[in-house]
Amino acid sequence: MDFTFDPAHQNGEPWVPALVGGTFAERGFCGQSLNRGLLRFHDASSGPIGQEFVANCFADLGFRGDVFAFDWRGRQFVVTPTLTPEGDQVDGNSERTVAVLDPFDMSITPWVPLTDFEHALSVPIAAEDLRPGLFDEWLRTRRLDHLDFQWCAGASVPAFYGGQLTIDNLSHDPVEVYLSFVTQLWAKARYQPAGSPVPHVSIHKDA
């Protein structure tokens, strides 16, 4: 699968978290979108939103990581020193690992060493993980030509409450609102018995 930057999108302010450094910022990737919004690189505006999600939902599991990108479903790509590419937990990994944190099912999936990330995107299994076919179908259903940088296809019912990864279950949401919604649901779901109904969640976004 070929990846190309969307020419109409402008670079955002650099996002340079400690574990990522200038790997992407120095090359002007921050704020850039690939393939009509399939994958985006965080900038200084979106990065803190993704980082807050990581802190609220994964930090108490002993996971540490700095976000650097996110995909069309709001999944956060992070650099972590606590996992190897094979999925082993470590106290501190000198070779930083890229992992994907999924707000749909709260899974943590190790990918590759940071140094191999761009090459990995050309490998079929990585492209399949991004679900480009489902993305194209979702765009057509929503009558969208592309997905704006601040928006995502958020699941109305996440997997941890029985939701399925289907077109009907994917809304068109601001990333910040969707991650806040999922964070609140997860805070309730993790302490509830299996099969509990989805609770009511109110999202208040400052004007």
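Quick check on A207: is it outside any helix (DSSP H, G or I), farther than 22 Å from N56 by Cα and modelled with pLDDT under 95? Step through it out loud before you land on a result.
Details: outside any helix (DSSP H, G or I): yes; farther than 22 Å from N56 by Cα: yes; modelled with pLDDT under 95: yes.
Considered against the rule, which asks whether it is outside any helix (DSSP H, G or I), farther than 22 Å from N56 by Cα and modelled with pLDDT under 95, A207 comes out as yes.
For the structure I just gave you, tell me whether D145 is in contact (Cβ under 8 Å) with a residue 60 or more places away in the chain, within 19 Å of S171 (Cβ to Cβ) and surrounded by fewer than 16 Cβ atoms within 10 Å (Cβ to Cβ).
When the stated conditions are applied, D145 passes them.
Going by the structure shown, is L139 in contact with a Leu (Cβ under 9 Å, 6 or more places away or on another chain), of a type in the set (A, V, I, L, M, F, W, C) and not in a helix (DSSP H, G or I)?
For L139, the condition - in contact with a Leu (Cβ under 9 Å, 6 or more places away or on another chain), of a type in the set (A, V, I, L, M, F, W, C) and not in a helix (DSSP H, G or I) - is not met.
May I ask you to verify whether F117 is of a type outside the set (K, R), closer than 29 Å to E86 by Cβ and part of a helix (DSSP H, G or I)?
Working: of a type outside the set (K, R): yes; closer than 29 Å to E86 by Cβ: yes; part of a helix (DSSP H, G or I): yes.
Here the answer is yes, as F117 does meet what is asked.
Give, as residue ranges, the strands (runs of 3 or more DSSP E) completely inside region 6-112 that count at least 3 residues that are surrounded by 20 or more Cβ atoms within 10 Å (Cβ to Cβ) and hydrophobic (A, V, I, L, M, F, W, C). Outline the logic, then answer.
On the way: elements: 39-41, 66-71, 76-80, 97-102.
Those strands (runs of 3 or more DSSP E) span 66-71, 76-80, 97-102.
Given the residues Q192, Q164, which is the only one that is at pLDDT 95 or above, assigned to a loop (DSSP other than H, G, I, E, B) and among the polar types (S, T, N, Q)?
Values: Q192 fails: at pLDDT 95 or above.
The match here is Q164.
Give me the residue from region 113-137 that is among the aliphatic types (A, V, I, L, M) and over 29 Å from G162 (Cα atoms) and, out of that set, surrounded by the fewest Cβ atoms within 10 Å (Cβ to Cβ).
Taking the candidates together, the pick is V123.
Have a look at D71, D43, D60 and point out the one that is touching a Lys or Arg at 6+ places or on another chain (Cβ under 8 Å), within 22 Å of T183 (Cβ to Cβ) and among the acidic types (D, E).
Among D71, D43, D60, only D71 is touching a Lys or Arg at 6+ places or on another chain (Cβ under 8 Å), within 22 Å of T183 (Cβ to Cβ) and among the acidic types (D, E).
The values are calculated or read from the model by the stated rules, or taken from the named source; none is laboratory data. All figures in this text were calculated on a predicted structure; none of them were measured in a lab. Glycine gets a Cβ as well: all are built from the backbone with ideal geometry, and neighbour counts include every protein chain shown.
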